[in-house]
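The values are calculated or read from the model by the stated rules, or taken from the named source; none is laboratory data. Quick caveat, the model's predicted, so the values are computed rather than measured. When we count neighbours, we look across all protein chains shown, and the Cβ atoms used for this are built from the backbone with ideal geometry, even at glycine.
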Amino acid sequence: EHVSIPDLTGVHPAWLPPGVFRAIGARRVLVLGDGPLTGTVRAEAEQACARHGGALEQDGTGSPDLVLALSAAAGQTPAARELLAGQGGSAVGEEGYLLARRDGVTVVLADDSAGLLYGLFHVVRLGEEAFTGERPAERHRPAARRRMLDHWDNIDVHPVMGQVERGYSGGSIFWRDGGPRGDLARVRAYARLLAATGVNAVTVNNVNVHATESRLLTDRLGDVAAIADEVRPYGIRVHLSVSFASPIRLGGLPTADPLDERVREWWARTTEQVYAAIPDFGGYVVKADSEGQPGPFAYGRSHADGANTLADALAPFGGVVHWRAFVYNHRQDWRDRSTDRARAAYDHFAPLDGRFRDNAILQVKHGPMDFQTREPVSPVIAAMPSTRLAVELQVTQEYTGQQRHVCYLAPMWKEVLGFGPWGADGRTVADVATGASGDGGGLVAVSNVGDDFYWTGHPLAQANLYAFGRLAWDPRLEPAALLDEWIDLTFAPAAGGDPGPLRRTLHALMDGSWRTYERYTAPLGVGFMVRPGHHYGPDVDGYEYTPWGTYHFADRDGAGVDRTRASGTGFTGQYPRPWSEVYESLGTCPDELLLFFHHVPYGHVLRDGATVIQHIYDTHFAGVEEVAESRRLWERADPGDPALHARVKELLDEQLRCAEEWRDQVNAYFFRRSGVPDARGRRIP
Ligand code: BDP
């Protein structure tokens, strides 16, 4: 049961600096029960005690301050026994825990050892508060069983995309120089960070599967097994992105047709070998028929046929396939105004509802396009009641400032998760993803972590990773409260308990940072306007006459994409009521999505009384001012770490430069197109 707790030097400890365990260490701790992760819980408690005083008790006969017990062992000590009895002896369920404090004893009770570990991290979040007063029994369970991060990491450094596709935090923490990194302590430390947020699965390679990476499935499986060994003590399962063409590439077959018996056998045999090496392997992730990746269309088969073949291979071992719905034609004819990329996922997948196996999860990006700063919720989420759906978010800030800009994304995700596709009173996106009993496809996000000292390049981008894990555990949590949790865990130990003024500064910088970012970039939901390829910085027409299907259609009279049924692409018809009607009508379409759904004249008046053109000017000036104010505030802040202060300051300088560039380019573009001057006479280049 010996588990080594990583103690890294030369890497920022992120939200588990040694000091956060102080409250636990100063006490007598009792850990009861057996189970795969109980050793981890014991080792964590032991290390906290070694650092901060306190001791691990050996059996239930003493008088502990903190009891962490499996229900099966609750009988061994009165505090746990009474807590269980008080709950009618009922089970907490998979990964869940009970937390209570009575008569000076804090008790965490769980049915399985994963629950015990999550309970321990809950106590860590509470700090001293976990050991004061009385605490009536609280029951905690993850809303979704599946809480996964996808790493877009390549083993080899890709000539265009680099090592981590859309990575802004240095190289991969898993791979280096064409092989595993070797420093597995960092992988262990990463697993520990993730477990503290509630994440329980990672995919260790890019969804775009290149030649070297495809071999992780076969002759390089040992590398995956080594990662699995490191993350297993923190309750995390490893998944693999695989190429649909693997039977050809790796198996030497002439076809990858999912209905060909040889292909099905190849997947079955290969998968059996995967499980022989990694018994708790999570499953496969597949990007097929998308942006050049091979897929079932080549054989005239549907995506359900493709997904089911892999699902059948995984089923005997309890594995799942995450099949991505991000399928669209990236070689469109831009002159053809009848095609609309926003429609693609629904057009491909909605007709397949009910045809996927039980262990096939359809992984749907939260918006119909591609992780823009503002998009409506994807209509696919409401269209497939008989399919297990996972909702995919992008923690890596590809389109939201690339971890050079402060952009706290939890408020965006909160809006997405709380959105009711069938109206405000109906089920939400979170309800669809979590499923009625937590058994939905769950939540998935593209990771923002690399081998950078701060893990995420921008030190404040850590909060996005933290918030994703916590929202996947409980989508009802509030972004500002999650930010407080992250601030407390990350900065309080060095500040002697209370990060005080730093907390206010961070809230001022981060709470509204997504909306600030939106203000100085593409307006009113129209999206893109980024430099092609790397997607950093403004280029209003960068994608306008390209095959990618990402247009704003701005001309001298107006801007926006007509996606109505009446006169446009008909995309609004993919939504159920009320949204099909709300988005269809100019009178009811929310302003923040106006140019996503409608092409309007520059003089169109928004609900706040401003015209579209004046709104563009006003928001772009305001957005830059907000960044300038953040920079001023940060200059006076003290995070207790000069290097961290300097890194954030340097990045805020860059954010301000870039925001000014966005402001000037967007304002100048629309001024020249429309000829309408700024009503307030500000300088437009
Ligand atoms: C886009 C990225 C691209 C990814 C793709 C995906 O630009 O690098 O491969 O998404 O999700 O946002 O597959």
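Any idea which residue in the stretch 418-450 is modelled with the lowest pLDDT, counting only those that are of a type in the set (A, V, I, L, M) and away from the ligand (no atom under 16 Å from the Cβ)? Among those residues, the one meeting the criterion is Ala436. Looking at Val286, Val320, Val274, Val263, just one residue is at negative phi, within 16 Å of the ligand (Cβ to nearest atom) and touching a helix residue (DSSP H, G or I) at 6+ places or on another chain (Cβ under 9 Å), and that residue is Val286. Somewhere in the stretch 561-576, is a residue within 25 Å of Val406 (Cα to Cα), at pLDDT 95 or above and out of contact with any strand residue (DSSP E or B) (no Cβ under 6 Å at 6 or more places or on another chain)? No, because not a single residue in the stretch 561-576 is within 25 Å of Val406 (Cα to Cα), at pLDDT 95 or above and out of contact with any strand residue (DSSP E or B) (no Cβ under 6 Å at 6 or more places or on another chain). In the stretch 576-589, the residues that are under 21 Å from Pro385 (Cα atoms) form Cβ pairs under 9 Å with partners that are loosely packed, with under 15 Cβ neighbours inside 10 Å and at pLDDT below 95, at six or more places apart or across chains, as follows: Pro578/Ala424.
Within the stretch 162-170, is there a residue that is assigned to a loop (DSSP other than H, G, I, E, B) and farther than 23 Å from Leu471 by Cβ?
Checked against the condition, which is being assigned to a loop (DSSP other than H, G, I, E, B) and farther than 23 Å from Leu471 by Cβ, the stretch 162-170 yields at least one hit.
Would you check if Gly93 is modelled with pLDDT under 95, surrounded by fewer than 21 Cβ atoms within 10 Å (Cβ to Cβ) and closer than 30 Å to Thr203 by Cα? The answer is yes for Gly93.
For the stretch 207-280, the helices (runs of 4 or more DSSP H) that sit wholly inside it and include 2 or more residues that are closer than 23 Å to Asn308 by Cβ and β-branched (Val, Ile, Thr) are 261-277.
When you scan the stretch 142-154, how many residues do you find that are assigned to a strand (DSSP E or B) and either of a type in the set (Asp, Glu) or within 16 Å of the ligand (Cβ to nearest atom) (or both)? Looking only at that region, the number is 5.
Modelled with pLDDT of 95 or more, out of contact with any strand residue (DSSP E or B) (no Cβ under 9 Å at 6 or more places or on another chain) and within 15 Å of the ligand (Cβ to nearest atom): which single residue out of Pro368, Pro376, Pro385 fits that description?
The conditions single out Pro368.
In the stretch 635-675, which residue that is among the small types (Gly, Ala, Ser) and not in a loop (DSSP other than H, G, I, E, B) is farthest from the chain's Cα centre (by Cα)? Result: Ser674. Only residues that are closer than 18 Å to Gln665 by Cβ, within 16 Å of the ligand (Cβ to nearest atom) and surrounded by fewer than 18 Cβ atoms within 10 Å (Cβ to Cβ) were counted in the stretch 547-566, giving 0. Quick one: Ala48 ticks every box in (1) over 29 Å from the mean Cα position of the chain (by Cα); (2) among the small types (Gly, Ala, Ser); (3) surrounded by 18 or more Cβ atoms within 10 Å (Cβ to Cβ); (4) at pLDDT below 95 except a single one, so which number is it? Result: Ala48 passes all but (4). Condition check for Thr619 on (1) among the β-branched types (Val, Ile, Thr); (2) closer than 30 Å to Ser169 by Cβ; (3) in contact with a Leu (Cβ under 7 Å, 6 or more places away or on another chain): one failure, at (3).
Leu482 meets the conditions (1) in the same structural domain as Ala201 (by TED's automatic domain parsing); (2) closer than 18 Å to Leu193 by Cβ; (3) away from the ligand (no atom under 16 Å from the Cβ) in every case but one. The failed one is (1).
Scanning the stretch 335-353 turns up no residue that is in contact (Cβ under 8 Å) with a residue 40 or more places away in the chain, under 25 Å from the mean Cα position of the chain (by Cα), more than 16 Å from the ligand (Cβ to nearest atom) and not in a helix (DSSP H, G or I). Only one of the numbered conditions (1) modelled with pLDDT under 95; (2) among the hydrophobic types (A, V, I, L, M, F, W, C); (3) over 23 Å from Pro475 (Cα atoms) is violated by Phe131, and that is (1).
Kindly establish whether Phe326 is in contact with a strand residue (DSSP E or B) (Cβ under 7 Å, 6 or more places away or on another chain), away from the ligand (no atom under 16 Å from the Cβ), of a type in the set (Phe, Trp, Tyr) and assigned to a loop (DSSP other than H, G, I, E, B). Taking the combined requirement at face value, the residue does not satisfy it. Can you tell me which residue is nearest to the chain's Cα centre (by Cα) among those in the stretch 309-334 that are buried (at least 23 other Cβ atoms within 10 Å of the Cβ) and among the aliphatic types (A, V, I, L, M)? It comes out as Ala325.
So is Ser630 in contact with a Leu (Cβ under 8 Å, 6 or more places away or on another chain) and either at pLDDT 95 or above or not assigned by TED's automatic domain parsing to the domain that holds Asp370 (or both) or not?
Considered against the rule, which asks whether it is in contact with a Leu (Cβ under 8 Å, 6 or more places away or on another chain) and either at pLDDT 95 or above or not assigned by TED's automatic domain parsing to the domain that holds Asp370 (or both), Ser630 comes out as yes.
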